[in-house]
Structures are given as C-alpha cells and as structure tokens.
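All of the numbers you see were taken from the coordinates with simple rules; none came from a lab. For clarity, every value in this text was computed on a predicted model and none was experimentally measured.
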Amino acid sequence: MSNNKKKQNIPLALEEIPDLPDTWQLKTEHDVLGTVTQEGDHYLARAGQTMVGGKFKTADDAVEALIAEYNLHRH
C-alpha cells in the first residue's frame, strides 16, 4: 500500500529570544520546533530540553537538524 500523502511546505520563522543571548527559536505558525544556540564557534540544537544531533558548524545545519527531528516525529 503506497502512501500518497502530499508533502506541503510549512513557513518557518527563526526569531531571537530577547532574554537569551545567542539563542533563536525556530517555529511554525502553530508549533515551536526548538532552539538554536551559538556557543563559541559552534551551534547546538534543542527540541524542548532534548539535544538534537551534536555540535554544528553553522546555524543552518542546526536548523536543518531541528526540521528533520520535527518531520520524524510528525509522521
């Protein structure tokens, strides 16, 4: 049985968190996917309190990890 569910693009926003320096929140219109934090020369991704992946060289890599984690748990 094939799954014909059509993938849809969901708009994402990366917003600064005023109370937390070097930390951004990745969110959709209805959900928060997680946070990206710069620590020195690397970035960390967290979904809630859970670390996603390891240390990332770029913020984009950390964002991609959060998106992958979100998609994994959404299906």
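Details
- Alpha carbon Rg of the chain, scaled by the compact-globule rule 2.2 N^0.38 Å: 1.19
- With respect to the chain, whose longest principal axis is taken over its alpha-carbon atoms, helix 59-74 is tilted by about 40°.
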